[in-house]
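**Student:** Supplied in structure tokens, the structure appears directly below.
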Amino acid sequence: MNSNGPGTGMKSADGIFQKPKNSGGGGSAASRAAKRQAESDKKSQEEWDKQDNETARKSVVEDPPVEKGEVVKLSNPKWAKEKGQFNEKMITEVDVDLPDTHKHLTRVSFTLFAASQGTGKLERIDAKDAHVKEGKASVEFTLFYPQQKDGQLVKECPYVCVMKHRDSKELESPKLEVVATVEYLTLKEAQGIAFEITKEYETSGSYSKLAGNFDGAGLSFGSMQWNIKWGTLQKMLGKFKQADEAAFEACFDKDAVAFTKIKEVMAEKQADGDEDGDGESVPFPEGMKWAKATHSKAQPPYGWLDHWDTYFKKIGENATFQVIQKQTSIDDNHKRTMSKIEWMKGISPDLWAEVYLNSYCALFDLCNQHQTVRKATRKKLEAEWKKSAPATQVKMVESLSSEVAKAGTFSEQSLGRRMGILKAAPNAGSGWMLISNSLLGKYLKKEKVIQDI
């Protein structure tokens, strides 16, 4: 008997019985035998079809098909550690049960969320894919800081990860408590601190400080010591006048001559190439003549003439003009500071993954004094850093500050300022630019990171 079933028919690969070949012989006996064999084959086929149908029916009843989305099983989601820190790298993994039919479908999606403590609402932080290896899938996330709420940075926040295979249900990880180990602050907060520190260095915290021609700038005024020589003071006075002309004019105590003169100084066009007799270019020669005529001595107490010190004191005391001073300083110096940061980040990206408050404040102060870094200085530093990479962000800023100070005036005092900020302590080299220890300690003693740079 053939192993494929009763009778002499052969079952093909698709399960259909094949009629046996007739060996010939013709006669009636042979014909009858062939007919009987055909009937037997037909009956056998019907029996086998019935048996196959019954088997299929039982299969459906006893083993119902798995619904779509549940073929692959995800289980045991976990984090590498019990707690995390903002901006830390953290691995999360999940066990994956892939049936034989899905061995080639190994991709699992991971989506990281921060959960609001107030509402429980999930904020998407990041998303990555991973492939199953030895029954597990895992990814490494950076626990990026969530969005700040009402201008205040979040101190701690639970994170969750949602895992999903194409043919599995979503699975949510246990909550991971994430906290800040260093203090984070907003860019706006950092800018305010940088402004206060530089203002303290420049004017001992005054908005009204007026200085004579001790440094060749003609006359300098305000929290950041804008000056006549380079036209920065003319621009600042123009902003005051534009903001509130009546209040600006009132600062001159009805002295029409003085008010007219200051407007002439403000209106002078830059004239590159003029010389003041010292072989040095004077962009605003008429303004410089006026500035030098406002005081009788090149060094403090200057001997102010024609009440100019009184007029400028009133300008500096105006609350509206103080706001303009602060915002102008922040806008201008932040732009220059970010230019330096981006330049150094391009050279040593790992050192600038986060920007520390001390570094930002030191660069802000540098930019207020020097504004630009000469090309020769840049090339020299780039060569030095390529030969011997700075070990830390602070060391990199120290190196830049040292080279810039060498190329400028009052180099020892200028470098002392930056070193004081970086070390969060007054530097002996600051000389007459010495800042109070309490102010540096208040803002810079504790390590702080600026979150949104």
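The values are calculated or read from the model by the stated rules, or taken from the named source; none is laboratory data. The structure displayed is predicted, hence computed values, not measured ones. Cβ sites come from the backbone with ideal geometry, for glycine too, and all protein chains shown count toward neighbours. SASA here: full protein model, heavy atoms, side chains in, ligands and nucleic acids out. Shrake-Rupley method; radii C 1.70, N 1.55, O 1.52, S 1.80 Å.
**Student:** Restricting attention to segment 346-384, which residues are crowded, with 18+ Cβ neighbours inside 10 Å and free of Cβ contacts under 8 Å to residues at least 24 places away in the same chain?
**Tutor:** L381
**Student:** While we're on this one: Within segment 55-73, is even one residue within 28 Å of L171 (Cβ to Cβ), at pLDDT 95 or above and surrounded by 11 or more Cβ atoms within 10 Å (Cβ to Cβ)?
**Tutor:** Of all residues in segment 55-73, those within 28 Å of L171 (Cβ to Cβ) come to 63-73.
Those left that are additionally at pLDDT 95 or above: 72-73.
When the remaining residues are screened for being surrounded by 11 or more Cβ atoms within 10 Å (Cβ to Cβ), the result is 72-73.
The answer is yes, given that some residue of segment 55-73 is within 28 Å of L171 (Cβ to Cβ), at pLDDT 95 or above and surrounded by 11 or more Cβ atoms within 10 Å (Cβ to Cβ).
**Student:** Okay, next question. Being in a helix (DSSP H, G or I) and either open to solvent by 60 Å² or more (accessible area, probe 1.4 Å) or under 27 Å from L366 (Cα atoms) (or both) is the filter here, so list the residues in segment 287-308 that pass it. Walk me through how you get there before you give the answer.
**Tutor:** So in segment 287-308, the residues in a helix (DSSP H, G or I) come out as 287-292, 308.
Listed by number, the residues that qualify are G287, M288, K289, A291, K292.
**Student:** While we're on this one: Examine segment 176-199 for a residue that is within 32 Å of the chain's Cα centre (by Cα) and basic (K, R), and state whether such a residue exists.
**Tutor:** So in segment 176-199, the residues within 32 Å of the chain's Cα centre (by Cα) come out as 176-199.
Now drop any that are not basic (K, R), which leaves 188, 199.
Yes, because at least one residue in segment 176-199 is within 32 Å of the chain's Cα centre (by Cα) and basic (K, R).
**Student:** Which condition from (1) at pLDDT 95 or above; (2) closer than 17 Å to T328 by Cβ; (3) assigned to a helix (DSSP H, G or I) is the one that A246 breaks?
**Tutor:** Condition (2) is where A246 drops out.
**Student:** Another question, then. Hey, can you tell me all the residues within segment 309-321 that are out of contact with any Phe, Trp or Tyr (no Cβ under 9 Å at 6 or more places or on another chain) and open to solvent by 90 Å² or more (accessible area, probe 1.4 Å)?
**Tutor:** Our first condition is that a residue be out of contact with any Phe, Trp or Tyr (no Cβ under 9 Å at 6 or more places or on another chain); within segment 309-321, this holds for 313, 319.
Scanning segment 309-321 gives a single hit, K313.
**Student:** Of all residues in segment 253-262 being in a helix (DSSP H, G or I) and out of contact with any helix residue (DSSP H, G or I) (no Cβ under 8 Å at 6 or more places or on another chain), which is nearest to G238 (Cα to Cα)? Explain how you work it out, then say what you get.
**Tutor:** To start, the set of residues in segment 253-262 that are in a helix (DSSP H, G or I) comprises 256-262.
Narrowing the set further to residues that are out of contact with any helix residue (DSSP H, G or I) (no Cβ under 8 Å at 6 or more places or on another chain) leaves 256-257, 260.
Working: A256: 17, V257: 18, T260: 13 Å.
So the residue we want is T260.
**Student:** A further question on this structure: Taking only pairs six or more apart or across chains, which ones have beta-carbon atoms under 9 Å, a first residue in segment 385-400 that is in a helix (DSSP H, G or I), and a second residue that is aromatic (F, W, Y)?
**Tutor:** As it stands, the answer is Q393/W352; Q393/Y356; V394/Y356; M396/W352; M396/W385; S399/W385, since those pairs meet every condition given.
**Student:** Is there a residue being within 30 Å of K297 (Cα to Cα), open to solvent by 40 Å² or more (accessible area, probe 1.4 Å) and basic (K, R) anywhere in segment 204-216?
**Tutor:** Within segment 204-216 (the criterion being within 30 Å of K297 (Cα to Cα), open to solvent by 40 Å² or more (accessible area, probe 1.4 Å) and basic (K, R)), the answer is yes, since at least one residue qualifies.
**Student:** From E172, E156, which residue is open to solvent by 30 Å² or more (accessible area, probe 1.4 Å) and touching a residue at least 40 places away in the same chain (Cβ under 8 Å)? Walk me through how you get there before you give the answer.
**Tutor:** Details: E156 fails: touching a residue at least 40 places away in the same chain (Cβ under 8 Å).
So the residue among E172, E156 that is open to solvent by 30 Å² or more (accessible area, probe 1.4 Å) and touching a residue at least 40 places away in the same chain (Cβ under 8 Å) is E172.
**Student:** Continuing with this model, one more query. Do we have any residue at all in segment 315-326 that's under 19 Å from the mean Cα position of the chain (by Cα), aromatic (F, W, Y), part of a helix (DSSP H, G or I) and within 24 Å of N227 (Cα to Cα)? So that I can check it myself, show each step before the final result.
**Tutor:** Initial filter on segment 315-326 (under 19 Å from the mean Cα position of the chain (by Cα)): none.
No, every residue in segment 315-326 fails to be under 19 Å from the mean Cα position of the chain (by Cα), aromatic (F, W, Y), part of a helix (DSSP H, G or I) and within 24 Å of N227 (Cα to Cα).
**Student:** Hey, another quick one. Does K164 satisfy the condition of being assigned to a loop (DSSP other than H, G, I, E, B) and either surrounded by 12 or more Cβ atoms within 10 Å (Cβ to Cβ) or touching a residue at least 60 places away in the same chain (Cβ under 8 Å) (or both)? Show your work before the answer.
**Tutor:** Working: assigned to a loop (DSSP other than H, G, I, E, B): no; either surrounded by 12 or more Cβ atoms within 10 Å (Cβ to Cβ) or touching a residue at least 60 places away in the same chain (Cβ under 8 Å) (or both): yes.
So K164 fails the test.
**Student:** Sticking with this structure for a sec: Would you be able to tell me the number of residues in segment 231-242 that are touching a residue at least 24 places away in the same chain (Cβ under 8 Å) and either open to solvent by 60 Å² or more (accessible area, probe 1.4 Å) or of a type in the set (V, I, T) (or both)?
**Tutor:** Residues in segment 231-242 being touching a residue at least 24 places away in the same chain (Cβ under 8 Å) and either open to solvent by 60 Å² or more (accessible area, probe 1.4 Å) or of a type in the set (V, I, T) (or both): 1 in total.
**Student:** What about K269, is it open to solvent by 30 Å² or more (accessible area, probe 1.4 Å), farther than 21 Å from Q371 by Cα, basic (K, R) and not in a loop (DSSP other than H, G, I, E, B)? Before the answer, list the steps.
**Tutor:** Details: open to solvent by 30 Å² or more (accessible area, probe 1.4 Å): yes; farther than 21 Å from Q371 by Cα: yes; basic (K, R): yes; not in a loop (DSSP other than H, G, I, E, B): no.
No: the conditions fail for K269.
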